[in-house]
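Below: one structure, written as structure tokens.
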Amino acid sequence: MKRRTFVNNLLGSTVGAGMINACARIPSMDSGPGGPVVVSTWDFGMKANEEAWKVLSSQGNALDAVEQGVRIIEADASNHTVGIGGLPDRDGHVTLDACIMDQKGNAGSVCFLEHIVHPVSVARKVMEKTPHVILSGSGALQFALEEGFEKTDLLTPESKRAWEKWKKNAEYSPVINIENHDTIGMIALDSAGNLSGACTTSGLAYKMHGRVGDSPILGAGLFVDNEVGAATATGMGEAVLKTCGTFLVVELMRQGRSPEEACKEAVLRIAKKQNYNDFQIGFLAMDKKGNTGAYCIHPGFSYAHQNKEGAELIPAKSYVKE
């Protein structure tokens, strides 16, 4: 009887400890500003957020908000990292990547897409009108044209001049530095408490023809789990792809990390295994209650934040200190 009592007590303690540990992994959802709220990467995200806020503040849904928000940057020819005006690959082609994801886990993506100003909207069409998730290259272009999108020359005179200047001394070699691979990623929480996200870019400047980064890949450039939160990434796509970065951030939030803590851990995993001296990575996240946070490798990454209290640009903490 003494042995039986001992075993029963041991089992009870083990089960109890397991329940405590399981509870510890459940993220706290007791506090937070709630929706609507929208965040996006970099200072140009302020303009994108302003457009997204028009949707959110009128009781619109998060999916419409993120699409309309990032379209503003896609159509801005003065921005050389997204949409029209994006710097081309080393052969002079502007190729675009984008994805979008809603609160139900539905997603659409396009990559290596030419001649279309708004790849994010093509990605949404892929999500809503096909049984697929990703369309690429000429197939994505064919689909876009069939859906009524206009064919446009994306290489602006300014970007063409920059490319021709690069060619003089480039020796046809792709460039990797911390300044040539920005992206706009956006996450929104609407007044109904639902999350959606979008990510769109022209990719690494002067990349090899055919290169695709993290932006159109779910779990890398963007991931949304409406039970937990969402995350997006900017910077050197290859580094994010190797770590499934945004999926990792969301899973860390599921285990109870705050958005900033989750982003920091994702950055640390990259910094531990990869030579980060010549590239930047920034992660941005939002949990189900509207709490936000970001973290990056090098100083300089900031994110745009907007809710009913107003709009602001928030600098992210960095692994490398100034």
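Of all residues assigned to the stretch 152-162, none qualifies as being open to solvent by less than 40 Å² (accessible area, probe 1.4 Å), within 25 Å of Thr292 (Cα to Cα), part of a loop (DSSP other than H, G, I, E, B) and in contact (Cβ under 8 Å) with a residue 12 or more places away in the chain. In the stretch 97-117, the residues that are assigned to a loop (DSSP other than H, G, I, E, B) reach residues that are of a type in the set (D, E, K, R) and open to solvent by 20 Å² or more (accessible area, probe 1.4 Å) with C-beta atoms within less than 6 angstrom, at least six apart or across chains, in these pairs: His115/Lys151. Within the stretch 52-73, is even one residue modelled with pLDDT of 95 or more and among the acidic types (Asp, Glu)? Looking through the stretch 52-73, at least one residue is modelled with pLDDT of 95 or more and among the acidic types (Asp, Glu). Summed over the stretch 235-264, residues that are in contact with an Asp or Glu (Cβ under 8 Å, 6 or more places away or on another chain), farther than 21 Å from Gly105 by Cα and at pLDDT 95 or above total 2. Filtering the stretch 33-67 to residues that are in contact with a Gly (Cβ under 9 Å, 6 or more places away or on another chain), surrounded by 20 or more Cβ atoms within 10 Å (Cβ to Cβ) and either of a type outside the set (A, V, I, L, M, F, W, C) or not in a helix (DSSP H, G or I) (or both) leaves Gly35, Pro36, Val37, Val38, Val39, Ser40, Thr41, Trp42, Gly45, Asn49. Against the numbered list (1) part of a loop (DSSP other than H, G, I, E, B); (2) open to solvent by less than 10 Å² (accessible area, probe 1.4 Å), Ser78 comes up short only at (2). Each residue in the stretch 206-250 was checked for being out of contact with any helix residue (DSSP H, G or I) (no Cβ under 7 Å at 6 or more places or on another chain), hydrophobic (A, V, I, L, M, F, W, C) and assigned to a strand (DSSP E or B), and 2 pass. Among the conditions (1) within 18 Å of Val94 (Cα to Cα); (2) out of contact with any His (no Cβ under 7 Å at 6 or more places or on another chain), Lys129 misses just one, which is (1).
The values are calculated or read from the model by the stated rules, or taken from the named source; none is laboratory data. If you're wondering where the values come from, they're calculated on a predicted model, not measured in any experiment. Positions of Cβ are backbone-derived with ideal geometry, glycine not excepted, and every protein chain shown enters the neighbour counts. Areas reflect the complete protein model, heavy atoms only, side chains present, ligands, DNA and RNA absent. Shrake-Rupley method; radii C 1.70, N 1.55, O 1.52, S 1.80 Å.
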